[in-house]
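All of the numbers you see were taken from the coordinates with simple rules; none came from a lab. What you are looking at is a predicted structure, and each value in this text was computed from that prediction instead of being measured. Quick reminder, even Gly has a Cβ in these numbers, built from the backbone with ideal geometry, and neighbours come from all protein chains shown.
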Amino acid sequence: MRVLFIQHDHVSPVGAIGDGFAAHGFDVEELLVVPEDRFHDPAVSVAFPDPEQFDALVPMGAPWSVYDHATIGAWVLEELTFLRRAHESGVPILGICFGGQAVAAALGGSVVRAEQSEIGWYSVDTDDADLVDAGPWFEWHHDRWVAPPGARVLARTPAAEQAFVVGRTLAVQFHPELTPTMLDGWLANGGRQYIEAQGLDVEELRTRTAREAPAAEERARALVDAFLARVATAPPVGSARPA
């Protein structure tokens with residue numbers, strides 16, 4: 001079995017989510033969209049593969065916005081087409097943060113600027129704790145999705161919906177894969193200035209992340225277990241193209 005992680009930037013490794021798939025016998029493959037030398041100029045050309053070559057897809061987070069075509073360039077629209085085709089072909093998808101927003105846009109929803117950012121560790125109000133635990137989960141986003149038609153919203157915070165499921169696709173707004181090392185990579189690539197501008201304490205965030213890391217890894221693995229057992233085996237849905 002093969003799972004493809006779509007890594008939009010060079011500082012977002014697969015973390016415990018990748019380990020969770022590997023534990024189920026998946027060969028974990030990675031597609032890096034924006035290489036390190038183009039991080040500040042992300043309008044690159046990308047060749048997305050045939051999604052039906054894979055048994056699952058995991059589009060991951062990104063520091064950009066799904067709707068910012070002027071900055072990202074054509075690859076984001078190509079990725080939406082790729083994700084739509086995968087969904088309609090019955091390929092299971094676990095979308096994470098930007099990846100979850102991209103799934104929403106690909107299936108007929110949208111992505112908009114949130115009224116408030118969420119950065120740090122948040123508990124979520126969940127309707128299905130066996131699939132999406134209450135957390136706390138690590139959040140880092142200033143956009144939110146509008147869920148696509150037919151999606152069942154599973155979790156939320158006051159600022160944004162946090163999970164939805166439709167067919168064999170599960171989207172989450174948070175970062176279950178986050179580790180202390182990954183956070184340091186984000187901070188070193190412009191994240192420190194961003195969160196300081198939000199009035200947040202960087203060292204407090206790093207300390208909390210180190211404290212949460214062991215339990216967060218267990219939650220990430222449990223999320224993969226539940227996704228594979230309950231979502232990836234659901235009946236596929238038909239076309240969900242935007243109107």
Checklist entry - So, in nm, how far is label THR71 from label VAL146 when the simple model puts each one 7 Å beyond its Cα toward the Cβ? => result 2.1 nm
Checklist entry - Which of these values of mean projected area of the Cα convex hull in nm² was calculated from the structure shown: [x] 11.9; [y] 13.9; [z] 13.1? => result [x]
Next on the checklist: Between PRO214, PRO59, PRO51, where does the largest GNM mean-square fluctuation fall for the chain, given springs only between Cα atoms within less than 10 Å?
Outcome noted: PRO214
Item to check | For GLY73, net neighbour charge (Lys/Arg +1, Asp/Glu -1) across residues whose Cβ lies under 12 Å away | outcome: -3
Next on the checklist: Full-extension gain between VAL112 and ALA215, please, as 0.36 nm times their residue separation minus the C-alpha to C-alpha distance.
Outcome noted: 34.0 nm
Item to check | Theoretical ellipticity at 222 nm over the chain - DSSP helices of four or more residues, -39500 (n - 2.57) apiece, nearest 500 | outcome: -9000 deg cm²/dmol
Item to check | Packing-based exposure ordering (other Cβ within 10 Å, fewest first) of GLU30, GLU212, GLU118 | outcome: GLU30, GLU212, GLU118
Checklist entry - What residue among ALA232, ALA151, ALA23 shows peak mean-square fluctuation when the chain is described by a Gaussian network model with Cα springs under 10 Å? => result ALA23
Checklist entry - Which one of GLY90, GLY99, GLY73 has the biggest mean-square fluctuation once the chain is modelled by GNM with Cα springs under 10 Å? => result GLY73
Checklist entry - Pulled fully out, how much extra length does the chain show between ASP125 and THR181, if you take 0.36 nm times their separation in residues and subtract their Cα-Cα distance? => result 17.4 nm
Item to check | Net charge of neighbours whose Cβ lies under 13 Å from the Cβ of VAL111, counting Lys and Arg as +1 and Asp and Glu as -1 | outcome: -2
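Can you give the Kirkwood hydrodynamic radius of the stretch 32-126 from its Cα pairs, in Å with one decimal?
14.4 Å
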Checklist entry - Using alpha-carbon pairs under 8 Å, 6+ residues apart, how would you state the relative contact order of the chain in percent? => result 21 percent
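Which of HIS69, HIS142, HIS175 has the fewest other C-beta atoms within 10 Å, and how do the rest follow up to the most?
Fewest-to-most ranking of HIS69, HIS142, HIS175: HIS69, HIS142, HIS175.
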